């Protein structure tokens, strides 16, 4: 392997990781943009998503390393699993919002944020109790197709991650720019009171934000499982924390910022592992975060929010 | 006046009284044995097998009435927490305090993890409570150099039914250098007490053997992605990889190294031996990995086949070698209690500890005796390689880990 091949390989690794972080980061950003709330339950909505997809795949008989299906039926099953995971997590997000956050609407201070931490632990412990503590072996139904780029290897699962993430992010972007609900979301983000006066149903907007963000986390959960071939009740913490960092780095509340932040964190993670050592990865990521926030407190693409008082 | 309702009540009352009375005559004195393993998270499967080994010894002793006048009771605690996803030293310390504060606990079996052991040992030492570990192999725990830290009260309380990584790591290094003929190796650990110690001991010996150590790094057990470091190892043209650590990071390492480094020799210690890896990483990723245990290999011993069958029947899963070391650990404690009770001496913690220190114990793995630090006198390290056997359940440890032999010791 030459130095260039190595760099290409690490960039492939980093972009795949970044795409997954970006999907999760979007959920933080969507909710924060509208409610100025950091939703920590998002960590474990992502984890639940990977379990939902796991059980859907197993229901279709895809488990372990089986290569029962190929071609279009396989694509079909993967799409079904992805949709079920997304819709399932979307509804989970809506339920979390309805049951635990709506009663706190208008309460000043950090109580809503603390509540989301509590909800996160509830999800975590429910999975722990009912689905077991062991690391689950995730099915690997993808054909072992690889492409050589010089000495670097691009696997089908990396392409899959990129395609799904890009499609979902593009979809979200178009939705927030073009659709009526998207416009209502942006209006609420700018000024909830004015939006309400213009006839925007703020509760529905918030619910939509929770649905979309959680659905993206569900997709992220399934991608995580297919990519790493395992899931466990603990995966939410480290992936969620990195994704949250990505959202803050890119400018929380800003959709393209979340994508940019995810990519940056993913690339730093792999390149610092190559050049320095993996034991320093966290130090490097969080030092960079501190540096960025010192010079650009609103993140890379974020604008300092207007004073809403 | 006795109404119909009160008659029912009286009858029920009499029935309860009779049942209670029935038990009362057999009221042996209760004595407790603590059991502590990492029953949640990435190493839960092996933990359950060890717990069952200890429980089996206790149940058998109760059924046979081995200890006259006493009923043995197991106190099972879990030192893993959900937030850690594996063993948690803080929880281990709490559990050690629970054992120490329960006056009826006279001995304990566990822990599985050296990181937990390091947290428990000082507390157990202050409480004078002996513990016998069937699996934790970090040498510091019994090393007199660290006596102030791990046995502040003086006498050794940390005994084992396995040898330590002072043998497990170097012996495997000898095996890889001489038997496998590796030339350039990369070494990883999982930042835990066991993993770091194991990798250090391995690295020192393999370098002495003239094998080129390309580098050393540490995996974060909570992270999901190890592709960066594995790609780096690939670019260095390593012909082998050694991992010191337990299942939580191990499962992910095995999975991802299968994709990125399919053709090099890969090995680990007893942290990679067990059902957690077979279940979590599965095949084909596990195929070809070498692992060791710090004990003789016993599950294929024909003399133990009845014991093996009884275990499988009782707990629904095949035992691992560390189920046997765990059974042995409980056996030693029970034997000490039996001898004290039979001699009419009070069964106290101090007496049990002293009895373990000087005793000669007949166990499934053979005779066990202890040196002055609490280490077993036999230093056997067994080497295994995973080779897929489709005819057996894929998570059956005895079937999928093929015994290669005892690692050479120079």
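Within the stretch B:154-191, being within 14 Å of chain A (Cβ to nearest Cβ) and under 24 Å from the mean Cα position of the chain (by Cα) holds for B:187, B:188, B:189, B:190, B:191.
Any residue at all in the stretch B:341-360 that's within 30 Å of residue B:174 (Cβ to Cβ) and crowded, with 17+ Cβ neighbours inside 10 Å? No. A count restricted to the stretch B:379-405 and to residues that are closer than 30 Å to residue B:156 by Cβ and either touching a helix residue (DSSP H, G or I) at 6+ places or on another chain (Cβ under 6 Å) or exposed (fewer than 15 other Cβ atoms within 10 Å of the Cβ) (or both) stands at 3. Evaluate the stretch A:172-187: report whether one residue or more is in a helix (DSSP H, G or I), within 14 Å of chain B (Cβ to nearest Cβ) and either surrounded by 15 or more Cβ atoms within 10 Å (Cβ to Cβ) or touching a strand residue (DSSP E or B) at 6+ places or on another chain (Cβ under 9 Å) (or both). No, every residue in the stretch A:172-187 fails to be in a helix (DSSP H, G or I), within 14 Å of chain B (Cβ to nearest Cβ) and either surrounded by 15 or more Cβ atoms within 10 Å (Cβ to Cβ) or touching a strand residue (DSSP E or B) at 6+ places or on another chain (Cβ under 9 Å) (or both).
Table: residues versus (1) over 16 Å from residue B:142 (Cα atoms); (2) in a strand (DSSP E or B).
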| site | (1), (2) |
| --- | --- |
| B:58 | yes, no |
| B:73 | yes, yes |
| B:100 | yes, no |
| B:103 | yes, no |
| B:121 | no, no |
| B:124 | no, no |
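Checking each residue in the stretch B:1-55 for being at pLDDT 55 or above, outside any helix (DSSP H, G or I) and touching a helix residue (DSSP H, G or I) at 6+ places or on another chain (Cβ under 8 Å) picks out B:31, B:33, B:34, B:35, B:36, B:37, B:38, B:39, B:40, B:41, B:42, B:43.
Screening the stretch A:11-38 for residues that are surrounded by fewer than 24 Cβ atoms within 10 Å (Cβ to Cβ) and within 14 Å of chain B (Cβ to nearest Cβ) and picking the one that is nearest to residue A:167 (Cα to Cα) gives A:15. Among the listed residues B:90, B:80, which satisfies the condition of being within 14 Å of another protein chain (Cβ to nearest Cβ) and on the phi < 0 side of the Ramachandran plot? Only one candidate passes the filter, namely B:80.
If you go through the stretch A:76-116 and pick out every residue that is without any contact (Cβ under 8 Å) to a residue 60 or more places away in the chain and outside any loop (DSSP other than H, G, I, E, B), you end up with 13.
Take residue A:153 and tell me if it is touching a residue at least 24 places away in the same chain (Cβ under 8 Å), surrounded by 15 or more Cβ atoms within 10 Å (Cβ to Cβ) and assigned to a helix (DSSP H, G or I). Considered against the rule, which asks whether it is touching a residue at least 24 places away in the same chain (Cβ under 8 Å), surrounded by 15 or more Cβ atoms within 10 Å (Cβ to Cβ) and assigned to a helix (DSSP H, G or I), residue A:153 comes out as no. With respect to (1) within 13 Å of chain B (Cβ to nearest Cβ); (2) out of contact with any strand residue (DSSP E or B) (no Cβ under 7 Å at 6 or more places or on another chain), the lone exception for residue A:160 is condition (1). Of the helices (runs of 4 or more DSSP H) entirely within the stretch A:204-309, those holding at least 1 residues that are within 14 Å of another protein chain (Cβ to nearest Cβ), within 19 Å of the chain's Cα centre (by Cα) and within 15 Å of residue A:38 (Cβ to Cβ) occupy A:235-250. Taking (1) surrounded by fewer than 24 Cβ atoms within 10 Å (Cβ to Cβ); (2) within 12 Å of chain A (Cβ to nearest Cβ); (3) in a helix (DSSP H, G or I) in turn, residue B:204 satisfies each apart from (2).
The condition of being touching a residue at least 40 places away in the same chain (Cβ under 8 Å) and either surrounded by fewer than 22 Cβ atoms within 10 Å (Cβ to Cβ) or touching a strand residue (DSSP E or B) at 6+ places or on another chain (Cβ under 7 Å) (or both) holds for only one of B:152, B:156, B:144, that being B:144.
The values are calculated or read from the model by the stated rules, or taken from the named source; none is laboratory data. Keep in mind that what you see is a predicted model, and the values were worked out from it rather than measured. All Cβ positions, even for glycine, are placed from backbone atoms using ideal geometry, and neighbour counts span all protein chains on display.
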